[in-house]
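Please treat every number below as a calculation from the coordinates, not as lab data. Please read all numbers here as calculations on a predicted model, not as lab measurements. With ideal geometry, Cβ positions are generated from the backbone for all residues, glycine too; neighbour counts draw on all protein chains shown.
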Amino acid sequence: MFNRSARKPLQRISTGDQLRSFAAFDPTCRFARRPRSSAWMLAGVICLIATASLGAQDISLQTIVTPSTVVMKDGRPVPFAVHAFVEFKSLSELFPYIEAQTQRWPLDASERQQLALELLRRGVESRVVSMADERPLEALLTHTSEELKQAITRVKEPVPPGYAEAFLQVQEKWKHSLNCWSASPSIAGRVLSNWYPIEEGIELFGAKYDTTEHFWQAVKYHPDVTVAQLLDLLAAFQQKDWSRWLARLDNDSHLYLPNAYAVEFLRHNLMPERLQWFRDQLGGHGLQAGDHARRTQQRGDSAFRFSGFEEKVIWGDLADLFHLAYVFSQADDPIRTTLAALHFDAVYLGDRRMEFISPEFRSLMLEIWRVKYLQMRRFREVIASIPMEIRLEHFLNDGDSPDIPIPVYVGYLNEIRELARAQKHQAGF
């Protein structure tokens, strides 16, 4: 577990909570907002009293680079995260976490320095490229690199080594990048999101889906798996004590460091209240015990039974939980046998069997994008119209899902643009 003696406990947020902050931007989202806990509200009130609120006014560059700054919007702190689930309100909160992480395992000096710099860069980027507030990024991009350096030199608070370099790296990256996600201020950025609603649907591997997100999450379920079986599996998860299981991942740097997002994802989603939440979701939405999970997510008699948002936080997170629990369980763990019996040992598509964390499964994203961006002319026009000088990116609060890591995702996105531009040129459009 985390070395809690070296830092204060940090709040954790689920992908669902994280995405809920920008779900309002998704026109197809019908997800009911859950009430905040009284503890969360109290913490917000205390923070509001203790910190000078920035309100909704413009944020200066000097404010953004000052570590103690808590960005406020609508009377609430705007959080950011490392590995999507370890949440902070200010960069000064991030520094003790970095120090604790570098002391967690017996690393050599070079490894410790590399880890510290990587966590710092991740935190700065998550602070700046906020999913809930564009003002930090606006402040960074509307100033020169020299002005940024000068602002950092004026900071009077303690900062770790590499602080200026982290900000400069983030500024340089996003001066030439377009963040492609469902709430992008750019139309092209929104269209390039997997959540983008496709009015006519998209035909993929013999079935029709509302979005590419619907296919990507649905395919993680074997065609034979039913809602009743998922509920039984969740019940088995609720009966298991996961503390020692997670401790094994935490205590092994060779396991944890390359898979930090996956471990933090598992930690959150294995909490009793989160497992119950999944059960509640499967008990609603008009689902019946005999419904097949994959078929339910395909387009039926009516479109958009589930929004792209719901696909991610209900179906996607649940499938990822089961697949990752199989991947990280030891061979003799009974839960691994239970998961394999319901085909969460791999992803099955026709005659293909693909390991969940594998290049073969990840390449499936490129296959479905060939349909959306090469066969569907209206989407080809959008992606082909984005100048090559602009790098297509996908950044969501430092979340780097193991099914398709962000660098792989981004690489495919830029590759499919090149193919779309070449196809458009050949067609003479």
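Annotations
- Cross-chain or 6+ apart pairs with Cβ under 9 Å, the stretch 76-88 first and closer than 21 Å to Leu266 by Cα and without any contact (Cβ under 8 Å) to a residue 12 or more places away in the chain, then aliphatic (A, V, I, L, M) and in a strand (DSSP E or B): none
- Residue tally, condition of a type in the set (A, V, I, L, M) and farther than 19 Å from Leu119 by Cβ, over the stretch 221-266: 12
- Subset of the stretch 400-411 (residues that are crowded, with 20+ Cβ neighbours inside 10 Å and in a helix (DSSP H, G or I)): Tyr409
- Hits in the stretch 116-131 - residues which are free of Cβ contacts under 8 Å to residues at least 60 places away in the same chain and surrounded by 22 or more Cβ atoms within 10 Å (Cβ to Cβ): Leu119, Leu120, Val124
- Restricting attention to the stretch 376-395 and to residues that are aliphatic (A, V, I, L, M) and part of a loop (DSSP other than H, G, I, E, B), the residue that is surrounded by the most Cβ atoms within 10 Å (Cβ to Cβ) turns out to be Ile386.
- Number of residues in the stretch 280-329 that are more than 20 Å from the chain's Cα centre (by Cα), of a type in the set (A, V, I, L, M, F, W, C) and farther than 20 Å from Phe344 by Cβ: the value is 2.
- Summed over the stretch 335-360, residues that are assigned to a loop (DSSP other than H, G, I, E, B) and touching a helix residue (DSSP H, G or I) at 6+ places or on another chain (Cβ under 8 Å) total 6.
- Condition met for Tyr373 (among the hydroxyl-bearing types (Ser, Thr, Tyr) and either within 21 Å of the chain's Cα centre (by Cα) or in a strand (DSSP E or B) (or both)): no
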